[in-house]
Every structure is written in C-alpha cells, then in structure tokens.
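Some notes on the structure that comes next.
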Amino acid sequence: MTDLGERAAALDAADPLAGFRDRFALPEGVTYLDGNSLGALPRETAGRVARTVQAEWGEGLIRSWNSAGWIEAPARLGAKVARLIGAGADEVVVADSTSANLFKLLSAALDLDARHRVILSEPGNFPTDLYVAQGLAATRPGVEVRTLPRDGIVAAAGPDTVLLLTHVHYKTGERFDMAAVTRAARDRGSVVVWDLSHSVGAVELDLAGAGAELAVGCGYKYLNGGPGAPAFLYAARDIQPRLRSPLTGWMGHAAPFAFGDDYAPAPGIARFLCGTPPILGMAALEAGLDLFLEAARAAGSAALWAKSARLCELFIEAVETGSPEPMLVSPRDATARGSHVSFAHPQAHAVVQALIERGIIGDFRAPDVMRFGFAPLYNTHAEAVAAGEAVADVLASGTWDEPRFHQRAAVT
Ligand SMILES: Cc1ncc(COP(=O)(O)O)c(C=O)c1O
C-alpha cells in the first residue's frame, strides 16, 4: 500500500461516519463520485416510498392528505433542510424544482425595490440560473441580465441590482464567502439570491449567521432525494411579508380550502408554494434528509464538513502524485471550495469514460473538465485515494484513447 493509501486506511478506521456507508444501496465494485449530480440511494428510501404508495395512497387514499401528513410535507421537509443550512424552521419550504424556485425568488427580489432593474450574475454560472433570469427579464420591460467575472461582481452591485450567485460553482467547485459577499452586497443596497445546489449537504452553511436573505437549492444531489427530487427555497423571516410570488397557485394561498376567487398570499414562507406537492418525490427526499440529520446528530455536523474537505484533499494529492498532466481547476484551499474537485484535461471526456469502465463514476463538463464529487456520508478515504491513482493510471497508460471512450451520450 502507498503512504497515501495507508493514511486513507487510518482515516477510514477512525471515521465517525464510516457506519453510514452501509445505509446506502451502492452497487458492488462501484466508486461513486457523482453525488454532486445525483446522490446515491439510501437503503431506507425504497421502503419509505413503497409505504407511501401502498399504505398511504393505496389504503389511505385521499384521507392521507390529513392522516399521513401529506399537506404538511413542504413545511415539514423545509424545517429539516433548515437544520442543514443554518435557517429557522419557518424560513424554508420544499417545493418545485430549483429552476422554478429561482424564478419565484428572483421575481420577488426584483419587486422588493422599485429601483431594481438589473439581475447581475457571473458568466459560466449554472445555465439554468442564467436562463431563468433571462426568461424573467423578458417579462419585465426595463429589467436586464448582466454578467461580470466574480472578482468585480459585488463592487458593481448597487441599489438597482439583484445579485444571483451560485455559492459553490458547479464546474470549478469555487465557493463564495457567503457572509462577506452578503454583507458587501447589503452595504451597497443590493440583495443576493444564493443558489445552494452544490453546497447543501456538502459544506457548512449558516444562512442566518451570514445574513442571507434569499436562497434556493437542490434535493437530488448531496441530500440524496432521488432523480428530480423537489428543491427548496429559503427566505429570511423578516423579509417574508414583503415578498410576492409570481406563481400565485392555490397552495400558496392563505386559505386554499376556502376556494375563494381572489388570491391572498399565505403568511410566511408558504406563499412560495404553487401547486400540489409531489408526495412520492417528497417521501424519497424525506428519507434522504432523515439520514443526513441522523448522521449530523451522531457525528456532529463539523465531522461531515471536515470529511468533505479531507476526501477532496486526498484525491487531489493522489492525482497529482501520480500524474503531472491534469490541471487542478478547483481551489486548493478547502474553505474556498465545495465538495467536488475538477481537473482540466484536453481528453477529459474520454478519461471519464475510461474511469467509468473501471467502476469509478465521475462526470464530464464541457469543454474539458472532469469532475469528481465527494459525499461525506458514503465515500471513503480509501476510495478517494484509489480514484485519484486511477485517474493518474488512465492518463499514464493512455487507455482513454480507445475508440469506445470517445462516444458521447446525451447526458454527460
Ligand atoms: C447550480 C445549480 N442550480 C440548479 C441546478 C438544477 O436545477 P433543477 O432542480 O431545476 O434541475 C443545478 C443542477 O445541476 C445546479 O448545478
């Protein structure tokens, strides 16, 4: 075993989270490093969903809206997410997709101040963030979307600006200092909408401590909610009364079952609900959230975030020890990084395909980035080292150059 391998084995032996790996149904022989894109399946999920289908839906039928707590699911799950992001239980709701929640919050943020006429983001932000902003701006004469490189972005914000920032960049893994950026933005009279999709369940978050006002995030990545899991939306308690959702569906009404003709927003965060919550998706997401909260209780959440950082560090060291070729795109400093690591290489797509054939699943992001996500609940230190050594080996051996590794599928 290499020195690095021995270090990893010692870290695994002392890992207070080690027992949680078995709580996931990971296939034999697979090293799963794509939990930043689609989290792994908790063993509990299949039973939980089956119960929701058979007992709650099959037996309970429509009574389950009350008796099985379906109607409270958006708030109940929101309160669970809140514990992972440093928010109050009444500041988060689970609903819709991240994209739809972005639309709702960006619209509400624009309406917060009559001077708002610019949505400012960075080039290369996750596409849906930019597309949603563009779509919203198209419905608002006088509102435009601008992008600026992150170094200058806060300095360019002012009272006319809504900032749209992804806390951990989906490709590079760069992490904004949420507290510093929020403070600077607020000092300039601006408001920030944070996208936490690559942060929640990956790194420490303290939205209240950071003074964050608005945020959205994804349920199917590190929260292990399953493909297309519902997303979440956060709004700080004190500004909730001033926020108006543009999607004024009945579930966000103050009294949905009064069936009145005129819309009146629900008090608080519930005003951001729109239509009927997807209960089967909620059941799967709740299983993922419960497991995460159990781990945070058992080991302490600091242990989770420290493990994320260590897994990334070991992986970087293993790649760089074995090969001079790939260029690290992610920050070396763990406090400036999320829980995924990206390397650039001209043959990144083929290298990722060759790794997948060896059972190491990462992903490719155009044009030249290979991306590896590390989930503190189920990845081991030994896996991080072995995967890093495999990246180096694929490059050194040139196996990536076999024709089958050059074929591109629809989803990379
Ligand atoms: C930063 C970011 N925002 C949003 C999303 C996805 O949004 P949605 O839930 O609408 O698919 C992703 C998906 O990878 C993402 O990386």
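Step through the residues of the stretch 326-342 one at a time and calculate ³J(HN,Hα) from phi using the Karplus curve (6.51 cos²θ - 1.76 cosθ + 1.60, θ = phi - 60°), rounding each to whole Hz and writing x for Gly and Pro.
Rounded to whole hertz, the list is x, 9, 5, 9, 7, x, 6, 6, 4, 6, 9, 10, x, 10, 10, 10, 10.
Run through the DSSP bridge list for the stretch 84-235 and note the antiparallel percent, rounded to the nearest 5.
40 percent
Go through 112-124, 169-181 and give me the packing order, highest mean Cβ count within 10 Å leading.
169-181, 112-124
If packing is taken as the average count of other Cβ atoms within 10 Å, what order do 144-155, 189-200 fall into, highest mean first?
Sorting 144-155, 189-200 by mean packing, highest first, produces 189-200, 144-155.
Report the net charge of residues surrounding residue 124, where surrounding means a beta-carbon distance below 12 angstrom and charges are Lys +1, Arg +1, Asp -1, Glu -1.
Numbers: positive: 150, 171, 365; negative: 122, 129, 174.
Within the 12 Å Cβ shell, the charges total 0.
Near residue 171, which lysines are there with a Cα under 16 Å away, not counting those fewer than 8 places off in the same chain?
Filter leaves 221.
Kindly provide log₁₀ I(q)/I(0) values, in the same order as q = 0.20 Å⁻¹, from the Debye equation applied to equal alpha-carbon scatterers of the stretch 6-125.
Cα-only, vacuum Debye calculation for the stretch 6-125: -1.28.
Taking the mean number of other Cβ atoms within 10 Å as a proxy for protection, how do you rank 334-347, 393-406, 260-273 from highest to lowest?
334-347, 260-273, 393-406
Each residue of the stretch 359-365 in order: what ³J(HN,Hα) in whole Hz does its phi give by Karplus 6.51 cos²θ - 1.76 cosθ + 1.60, θ = phi - 60°, with x for Gly and Pro?
x, 9, 9, x, 9, 10, 10
How large is the translational diffusion coefficient of the chain in µm² per second when you combine the Kirkwood radius over alpha carbon pairs with Stokes-Einstein at 20 °C and 1.002 mPa s?
Stokes-Einstein gives a translational diffusion coefficient of 97 µm²/s.
What is the set of long-range amide H partners of residue 146 at a cut-off below 5 Å, with H atoms built 1.01 Å from backbone N?
Distant-sequence amide H within range of residue 146: 119, 120, 121.
Rounded to the nearest 5, what % of DSSP beta bridges with both residues in the chain are antiparallel?
Once the DSSP bridges in the chain are tallied, antiparallel ones form about 55 percent.
Treating the Cα atoms of the stretch 136-213 as identical point scatterers in vacuum, please give the log10 of the normalised Debye intensity I(q)/I(0) at q = 0.18 Å⁻¹, two decimals.
After summing over all Cα pairs, the log10 values are -0.77.
So what's Rg/Rh here for the stretch 96-166, counting alpha carbon atoms and using the Kirkwood radius for Rh?
That ratio equals 0.93.
Where does helix 279-299 land angle-wise versus the long Cα axis of the chain, in degrees 0 to 90, nearest 10?
So the inclination is approximately 60 degrees.
Please report, largest first and rounded to whole Å, the three semi-axes of the ellipsoid equivalent to the stretch 173-238, where each semi-axis is the square root of five times an eigenvalue of the C-alpha gyration tensor.
Square roots of five times the eigenvalues give 23, 13, 9 Å.
Given a Förster distance of 41 Å, report the FRET efficiency between residue 117 and residue 302 from their Cβ-Cβ distance, rounded to the nearest 0.05.
0.45
Once you charge only the Cβ atoms, +1 for Lys and Arg and -1 for Asp and Glu, what is the size of the charge dipole of the stretch 265-412 about its Cα centre, to the nearest 20 debye?
Rounded to the nearest 20 debye, it is 520 debye.
Could you give the angle, 0 to 90 degrees to the nearest 10, between helix 98-111's Cα long axis and the longest principal axis of the Cα atoms of the chain?
Tilt of helix 98-111: around 50 degrees.
In angstroms, what radius of gyration and Dmax does the stretch 270-412 have, counting Cα atoms only?
Looking at the stretch 270-412, its Cα Rg and Dmax stand at 17.9, 57 Å.
Run lengths n ≥ 4 of DSSP H only: what is the helix-derived mean residue ellipticity at 222 nm for the chain, with -39500 (n - 2.57) per run over all residues, to the nearest 500? Can you show the working numbers first?
Working: 13 runs with 151 residues, N = 412.
When only DSSP H runs of four or more count, the value is -11500 deg cm²/dmol.
Mind giving me the FRET efficiency for residue 399 and residue 239? R0 is 45 Å, r the Cβ-Cβ distance, nearest 0.05 is fine.
For R0 = 45 Å, the calculated efficiency reads 0.25.
Taking the Cβ of residue 254 as the center, what net charge do the other residues with Cβ under 14 Å away carry, scoring Lys and Arg +1 and Asp and Glu -1?
0
Bear in mind that the values in this text are calculations on the coordinates, not laboratory data. This one's a predicted model, so the numbers in the text were calculated from it and none came from an experiment. Positions of Cβ are backbone-derived with ideal geometry, glycine not excepted, and every protein chain shown enters the neighbour counts.
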